[in-house]
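Below you'll find the structure, written out as structure tokens, and then a few comments.
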Amino acid sequence: MDTTLMDPSGLPLLVDDSPEWGSERLDLDAYLARVGYRGPREASLAALRALHRAHRDSVCFENVDIALGRAVSLDIDAVQRKIVQAGRGGYCYETNLLFAAALDRFGFPVTRLLVRIREGSAKRRFRSHTALLVRADDTVWLADPGYGYAALIEPLALHPGAESTVAGWSWRLTTEDGHWLLQYRRPEGWFDIYAFRTEPQYAVDFEAAHFVSSTRPGSPFVGQLVVQRANDEERYRLKNTEFMTEYRSGEQRLRVLRPQEAVDAVRTTFGLPLTAEEERLLHDFLAARR
């Protein structure tokens, strides 16, 4: 495989297809059944778009294990046991690395990135999110079905000023201070989601960033429950017991739930299968934070 992507400036984007990612161990049939993808297994733009949408629609962003103090592994076997076999979701490192493994198996050249969350603020944060660059049909695309509520529905071409509107939701790419900047449109204008460079990150980089993101006090994923997902009509965000619904019109509705209501929402709105023990632990976790 040609393992070099080219960005719009003509600079090479090195692709890490090392066996340390474990992509060959992915049960591709089971993964495709999990996300409901029935299209061709080929490195085409049509396949990339369809697989991206299928993954985004099927795999929920969630940090239940981290909130409950459990260790989370990025090993592909652990990730597919959790997401593919158990029907759970995961947070970005898990979900996007699983998606990257499927892309590897389809034959796409993939660059794995670590990015800095903005969420409307220019404050410089550590790189706590992951995204992918993928080459298809002689174009480099930003792929990121694992962001959660504002995840791209389909990949976005890596060009300054590139815009995409899918199902009434809009995103664009711009540049700032040597970084790419992903934004989505709100009624008041463009809203910064995250900033990134095209430098490839390797498995050891992901392990280090994941360790900080999943264990360090002050990380947005430590000490609180975060569950997010979206469909073509609405976006849902649960942060402990605060439940936000965002509509395509830009309207937002915030509700504060009781602990049991929040647990019920995790099972129903977000579709996560929880054991009776997990429900109890999650209830107690949320009750202690009221």
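The values are calculated or read from the model by the stated rules, or taken from the named source; none is laboratory data. Quick caveat: nothing in here was measured; it's all calculated off a predicted structure. Because the Cβ atoms are built from the backbone with ideal geometry, glycine has one as well, and the counts that use them run over all protein chains shown. What goes into the accessible areas is simple: the full protein's heavy atoms, side chains included, and nothing from ligands, DNA or RNA. Shrake-Rupley method; radii C 1.70, N 1.55, O 1.52, S 1.80 Å.
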**Study point:** Qualifying GluC sites (Glu not before Pro) for the range 224-259 [loop in DSSP, other Cβ within 10 Å: at most 15]
**Key:** 233, 251
Exercise for review: Give me the percent of the accessible area of the range 37-95 that comes from carbon and sulfur atoms, probe 1.4 Å, all protein chains in place.
Suggested key: 45
Study note, to complete from the structure: FRET efficiency (residue 287, residue 188; Cβ distance; R0 41 Å; to 0.05) is 0.70
Review point. Just 63, 231, 96 to compare: in a GNM of the chain, with alpha carbon springs under 10 Å, which one fluctuates most?
Key: 231
Revision key, fill the gap. Expressed in nanometres to one decimal, the distance between label points 7 Å along Cα→Cβ at residue 124 and residue 257 is 3.8
Exercise for review: Under a 10 Å cutoff between Cα atoms, tell me which one of 100, 136, 46 has the largest fluctuation in the Gaussian network model of the chain.
Suggested key: 46
Point to revise | Exposed chymotrypsin sites (Phe, Trp or Tyr not before Pro) absent - longest run of the chain, DSSP non-H/G/I/E/B, at most 14 other C-beta within 10 Å | key: 1-125
Check your understanding: Using alpha carbon centroids, what distance separates the range 123-182 and the range 205-272, in Å?
Key -> 21
Check your understanding: Which loop trypsin sites (Lys or Arg not before Pro) in the range 39-108, with loop taken from DSSP, have no more than 16 other Cβ atoms within 10 angstrom of their Cβ?
Key -> 41, 70
Point to revise | Residues in the range 82-119 reached by a label modelled at residue 17 [backbone nitrogen below 20 Å; 7 Å Cα→Cβ] | key: 97-113
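Using a ≥ b ≥ c from the Cα gyration tensor of the range 250-290 (square roots of the eigenvalues), is it rounded, prolate or oblate, where a/c under 1.5 gives rounded and otherwise the larger of a/b and b/c decides, a/b for prolate? Provide the component values of the computation, followed by the final result.
Values: a/c = 3.48, a/b = 1.41, b/c = 2.46.
It is oblate, given that a/c is not under 1.5 and a/b is not larger than b/c.
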Study note, to complete from the structure: Mean-square fluctuation maximum in Gaussian network of the chain, Cα pairs under 10 Å, restricted to 274, 182, 114, hits 274
Review point. Tell me, in nm to one decimal, what length is gained between residue 85 and residue 166 on full extension, where the rule is 0.36 nm per residue of separation less the Cα-Cα distance?
Key: 26.2 nm
Exercise for review: Per DSSP H run of at least 4 residues, take -39500 (n - 2.57); add these up for the chain, divide by its residues and hand me the 222 nm value, nearest 500 deg cm²/dmol.
Suggested key: -8000 deg cm²/dmol
**Study point:** Local electrostatic count at residue 194 - Lys and Arg +1, Asp and Glu -1, tallied over other residues with Cβ under 10 Å
**Key:** +1
Revision key, fill the gap. With label points set 7 Å from each Cα along the Cα-to-Cβ direction at residue 207 and residue 248, the distance between them in nm comes to 4.5
Review point. So which GluC sites (Glu not before Pro) in the range 114-196 pass both tests, a DSSP loop state and at most 15 other Cβ atoms within 10 Å of the Cβ?
Key: 119, 188
Check your understanding: Let a ≥ b ≥ c be the square roots of the eigenvalues of the Cα gyration tensor of the range 37-149; is it rounded (a/c under 1.5), or, if not, prolate (a/b larger than b/c) or oblate?
Key -> oblate
